[in-house]
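Enquirer: To start, I am sharing the structure in question, which I have written as C-alpha cells.
The values are calculated or read from the model by the stated rules, or taken from the named source; none is laboratory data. Treat the numbers as computed from the prediction; the structure is a model and nothing was measured. Neighbour counts are summed over all protein chains in view; Cβ atoms, including those assigned to glycine, are modelled from backbone coordinates with ideal geometry.
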Amino acid sequence: MRLSFRFAIALAAVILLVLGANALFGVRRDLAMFEDDMVRDAATMGRVLGPLVAETWAREGEDRARSFVSAANERETVQVRLVYPGGDETTKPLIDAQELSSLQTPGNLVRRTRIVDDGVEVEALATYVALPAPAGPGALLEIAEPLRGEQAYTRRALLSAATTTILLALLCAGATTVLGVIFVGQPVRRLVDLTRRIGGGDFSSRLDLRQRDEIGELAGALDSMSGKLEKAHNDLAKESAEKLAAVETLRHSERLATVGKLASGVAHELGTPLQLVSSHARLVVEEPTVSSEVKESAEIIREQADRMTAIVRQLLDFARRRPSSREAVDLADAAQRAARMFVGPADRTSIGVRVTKPAETVEVEADPEQLLQVLSNLVTNAVQAMPKGGQLEIEVGGGSRPGVPGDWARLSVRDEGVGMPPEVRRHAFEPFFTTKDVGKGTGLGLSVALGIVEEHGGSIDIRSEDGRGSELVVWLPKVRPA
Ligand SMILES: Nc1ncnc2c1ncn2[C@@H]1O[C@H](COP(=O)(O)OP(=O)(O)OP(=O)(O)O)[C@@H](O)[C@H]1O
Ligand SMILES: [Mg+2]
C-alpha cells in the first residue's frame with residue numbers, strides 16, 4: 001500500500017475517532033441540560049400547582065381538585081395527574097409506590113418511566129410533588145413529560161455529527177492523499193529510480209529536487225553521492241586505461257629490446273660472411289680468364305650480397321650499436337649531401353630534387369653520419385613514393401615549433417608521391433612496419449630515423465594525405481650562433 005494512502009487512512013481514523021467522541025459527549029451534555037430544564041420546569045409547575053390543588057381540595061372537595069388538575073392538562077404536552085400510592089388503576093402512580101415513600105413536603109422526586117402519549121408508549125420523565133395539607137393523606141401530584149423532543153434531538157444531532165465527521169474525514173483523507181503523492185510519493189519514486197540507476201552502474205543521473213525538507217536533503221545527499229561515485233568511477237577507468245597503456249608500452253619496449261638484440265646478433269653473424277661473398281664475387285667479376293656467363297652470375301651474386309649487406313647495416317642501425325660522435329653540423333650542407341646521393345637514381349625516374357635553405361646558417365649539434373642516414377632514409381621513402389616521377393624538395397629552416405617552446409632547426413622532406421592514409425601514418429614509425437613488397441622494404445627506415453632524431457633531442461612530424469604527397473618534418477634543437 002502506498003505511503004500517502006496509509007497516512008490518509010490513519011488521518012481519517014483519527015478524525016472519525018476524535019470528532020465522533022466529541023459529538024457523543026456534546027449530545028450527552030445537551031441531553032443532560034435538556035433533562036435538567038425539564039426537571040426544573042416540572043418542579044416549578046409542581047410548586048405552583050401543588051398549593052393551588054391542595055387549596056381547591058380543602059375548599060371545594062376532591063372532585064373539584066381533580067378537574068382543576070385536568071384543566072391544567074389540556075394546554076401543555078405534560079400529563080398532570082392526582083395520584084395515591086395505594087390508588088386504583090386510574091389513580092395509582094406510574095412508578096413503584098415503594099420509591100415514593102421517601103418523598104417529603106416540600107420536595108419532589110424525579111424518575112424515568114414510560115407513558116402512553118397519543119396512543120403510543122414513549123419514554124418520559126415523571127416528577128412527583130407531595131401535596132401539602134389539607135389535601136388527602138399521601139396524595140401526590142404526578143407531572144409526566146414525554147421525552148419525544150429529546151429523542152428527536154439525539155437522532156438529529158447524531159446524524160448531523162456523523163455526516164460532518166465522515167465528510168471531514170473523507171475530505172482530509174483526499175487532501176492528504178493528493179498532497180502526499182505530490183510531496184512524498186513522486187519525489188520518493190524519483191529517489192528510488194535514481195538508486196536503481198546507481199545500482200545499475202549509471203552514475204551520471206541527478207535529481208536536482210528543489211524541496212526544502214527531509215526528502216530534499218536526502219535527494220541532495222544522493223546527488224552528491226552519485227557525483228562522487230561518478231568521479232571515482234571515471235578516475236578508476238582513467239587509471240586502468242593508463243595502467244593498460246603503460247603495460248602495453250612496457251611490453252612493446254620489451255619486444256623492441258628483444259628484436260634489437262636479435263637483429264644485432266644476426267647482423268654481426270651475417271655481416272662478415274656477406275662481405276666475404278661480395279668480395280669473392282667481385283674477384284670473379286674482375287678475373288679476365290673467366291667466361292662472360294660466369295662473370296654475369298658473379299655480378300648477380302655480388303649485387304645480392306651487397307643488398308643483404310645493406311639490410312644487415314639497417315638492422316645494426318636499428319639496434320644502434322654504433323657510437324655517435326657529435327659536432328656542429330650545417331643543416332644546409334647535410335641536405336645538399338643527401339640530395340647529391342639521390343640525383344643519380346632520381347634522374348632515372350624523372351624526379352626533380354631541389355634544396356631550399358635560408359640566408360643564415362642553421363646549425364645543429366649532431367653526428368654527421370647519423371644525420372645523413374636520417375636524411376637518406378627520408379629521401380629514399382620520398383623517391384619510392386613517386387614511381388611516376390615528381391618533385392622532391394628538401395627544405396632547411398629554423399625558428400619556433402608549434403606548441404613546443406625553444407629554438408628549433410627544421411628539415412623537411414616533401415614529395416608529390418602516393419601519400420599516406422591515416423592507418424599508415426599511425427604505424428609508420430613502428431619497426432618492421434612496411435607497405436612495400438617482400439624484398440623491397442624492411443620497415444626499419446623511419447623507425448631508425450626517429451630513433452636517431454629522438455637521441456638528438458628532436459622529433460619527426462608526418463604531414464600527409466592519401467594520394468596527395470607527404471612531408472616529413474625533422475625538428476632538432478638549434479645551436480645558437482656564438
Ligand atoms: N614519403 C612517403 N610517402 C608515402 N609513404 C611513406 C613515405 N615514407 C614512409 N611511408 C610509408 O611508411 C612505411 C614505413 O616506412 P619505412 O621507411 O620505415 O619502411 P620502408 O620504407 O617500408 O622500408 P625500409 O625503409 O626499411 O626499406 C612505408 O612502407 C610506407 O608505407
Ligand atoms: Mg624506407
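Enquirer: Report yes if some residue within region 66-84 is over 28 Å from Val120 (Cα atoms) and without any contact (Cβ under 8 Å) to a residue 24 or more places away in the chain; otherwise report no.
Expert: Looking only at region 66-84, we keep the residues that are over 28 Å from Val120 (Cα atoms), and these are none.
No, region 66-84 contains no residue that is over 28 Å from Val120 (Cα atoms) and without any contact (Cβ under 8 Å) to a residue 24 or more places away in the chain.
Enquirer: Within region 58-69, is there a residue that is closer than 26 Å to Arg148 by Cα and in a loop (DSSP other than H, G, I, E, B)?
Expert: The answer is no; no qualifying residue exists.
Enquirer: Does region 309-324 contain any residue that is within 16 Å of ligand 1 (Cβ to nearest atom) and assigned to a loop (DSSP other than H, G, I, E, B)?
Expert: Step one: list which residues in region 309-324 are within 16 Å of ligand 1 (Cβ to nearest atom), which gives 309-320.
Still in the running and assigned to a loop (DSSP other than H, G, I, E, B): 320.
Yes - at least one qualifying residue is present in region 309-324.
Enquirer: Residue check: is Val448 within 16 Å of ligand 2 (Cβ to nearest atom), out of contact with any Cys (no Cβ under 6 Å at 6 or more places or on another chain) and over 27 Å from Asp407 (Cβ atoms)?
Expert: Details: within 16 Å of ligand 2 (Cβ to nearest atom): yes; out of contact with any Cys (no Cβ under 6 Å at 6 or more places or on another chain): yes; over 27 Å from Asp407 (Cβ atoms): no.
Spelling it out, it is not the case that Val448 is within 16 Å of ligand 2 (Cβ to nearest atom), out of contact with any Cys (no Cβ under 6 Å at 6 or more places or on another chain) and over 27 Å from Asp407 (Cβ atoms).
Enquirer: Just to be sure, is Lys231 of a type in the set (D, E, K, R) and either part of a loop (DSSP other than H, G, I, E, B) or under 30 Å from Gln186 (Cβ atoms) (or both)? Let's see the steps before the verdict.
Expert: On the way: of a type in the set (D, E, K, R): yes; either part of a loop (DSSP other than H, G, I, E, B) or under 30 Å from Gln186 (Cβ atoms) (or both): yes.
Considered against the rule, which asks whether it is of a type in the set (D, E, K, R) and either part of a loop (DSSP other than H, G, I, E, B) or under 30 Å from Gln186 (Cβ atoms) (or both), Lys231 comes out as yes.
Enquirer: Same structure, new question: Determine whether region 363-374 contains at least one residue that is crowded, with 18+ Cβ neighbours inside 10 Å, among the acidic types (Asp, Glu), closer than 27 Å to Glu430 by Cβ and in contact (Cβ under 8 Å) with a residue 12 or more places away in the chain.
Expert: Scanning region 363-374 turns up at least one residue that is crowded, with 18+ Cβ neighbours inside 10 Å, among the acidic types (Asp, Glu), closer than 27 Å to Glu430 by Cβ and in contact (Cβ under 8 Å) with a residue 12 or more places away in the chain.
Enquirer: May I pose another question? Return only the number of the condition from (1) away from ligand 2 (no atom under 12 Å from the Cβ); (2) part of a helix (DSSP H, G or I); (3) under 17 Å from Ala332 (Cβ atoms) that Leu378 does not satisfy.
Expert: It fails just one condition, (1).
Enquirer: So, Gly61, is that one small (Gly, Ala, Ser), out of contact with any Lys or Arg (no Cβ under 6 Å at 6 or more places or on another chain), surrounded by 15 or more Cβ atoms within 10 Å (Cβ to Cβ) and more than 30 Å from Gly185 (Cβ to Cβ) or not? Outline the logic, then answer.
Expert: On the way: small (Gly, Ala, Ser): yes; out of contact with any Lys or Arg (no Cβ under 6 Å at 6 or more places or on another chain): yes; surrounded by 15 or more Cβ atoms within 10 Å (Cβ to Cβ): no; more than 30 Å from Gly185 (Cβ to Cβ): yes.
Judged against the criteria, Gly61 is not a match.
Enquirer: Only one of Gly443, Gly397 is in contact with a Ser or Thr (Cβ under 8 Å, 6 or more places away or on another chain), in contact (Cβ under 8 Å) with a residue 24 or more places away in the chain and either more than 22 Å from Ala310 (Cβ to Cβ) or within 12 Å of ligand 2 (Cβ to nearest atom) (or both). Can you tell me which? Break it down stepwise before answering.
Expert: Details: Gly443 fails: in contact (Cβ under 8 Å) with a residue 24 or more places away in the chain.
Only one candidate passes the filter, namely Gly397.
Enquirer: Every residue in region 261-307 that is hydroxyl-bearing (Ser, Thr, Tyr) and in a helix (DSSP H, G or I), please.
Expert: Residues of region 261-307 hydroxyl-bearing (Ser, Thr, Tyr): 264, 272, 278-279, 289, 291-292, 297.
Of everything in region 261-307, those that are hydroxyl-bearing (Ser, Thr, Tyr) and in a helix (DSSP H, G or I) turn out to be Ser264, Thr272, Ser278, Ser279, Ser292, Ser297.
Enquirer: Of the residues Gly227, Gly201, which is under 16 Å from the mean Cα position of the chain (by Cα), of a type outside the set (A, V, I, L, M, F, W, C) and surrounded by 13 or more Cβ atoms within 10 Å (Cβ to Cβ)?
Expert: Among Gly227, Gly201, only Gly227 is under 16 Å from the mean Cα position of the chain (by Cα), of a type outside the set (A, V, I, L, M, F, W, C) and surrounded by 13 or more Cβ atoms within 10 Å (Cβ to Cβ).
Enquirer: Also, quick follow-up: Could you grab me the full set of residues in region 160-182 that are under 44 Å from the mean Cα position of the chain (by Cα), of a type outside the set (A, V, I, L, M) and closer than 12 Å to Leu16 by Cβ? Don't jump to the end; show me each part of the working.
Expert: Quick first cut of region 160-182, residues under 44 Å from the mean Cα position of the chain (by Cα) only: 167-182.
Right, trim to of a type outside the set (A, V, I, L, M) and you get 172, 174, 176-177, 180.
Result: Cys172, single match.
Enquirer: Among the residues of region 1-32, which ones are surrounded by 13 or more Cβ atoms within 10 Å (Cβ to Cβ) and outside any helix (DSSP H, G or I)?
Expert: Arg2
Enquirer: Quick check on Gln373: is it within 16 Å of ligand 1 (Cβ to nearest atom), under 29 Å from Val418 (Cβ atoms), modelled with pLDDT under 90 and under 60 Å from the mean Cα position of the chain (by Cα)? Outline the logic, then answer.
Expert: Values: within 16 Å of ligand 1 (Cβ to nearest atom): yes; under 29 Å from Val418 (Cβ atoms): yes; modelled with pLDDT under 90: yes; under 60 Å from the mean Cα position of the chain (by Cα): yes.
The answer is yes for Gln373.
Enquirer: Follow-up question, since we're still on this one. Could we say that Val438 is over 27 Å from Gly352 (Cα atoms), within 16 Å of ligand 2 (Cβ to nearest atom) and over 48 Å from the mean Cα position of the chain (by Cα) here? First the steps, then the outcome.
Expert: On the way: over 27 Å from Gly352 (Cα atoms): yes; within 16 Å of ligand 2 (Cβ to nearest atom): yes; over 48 Å from the mean Cα position of the chain (by Cα): yes.
It is true that Val438 is over 27 Å from Gly352 (Cα atoms), within 16 Å of ligand 2 (Cβ to nearest atom) and over 48 Å from the mean Cα position of the chain (by Cα).
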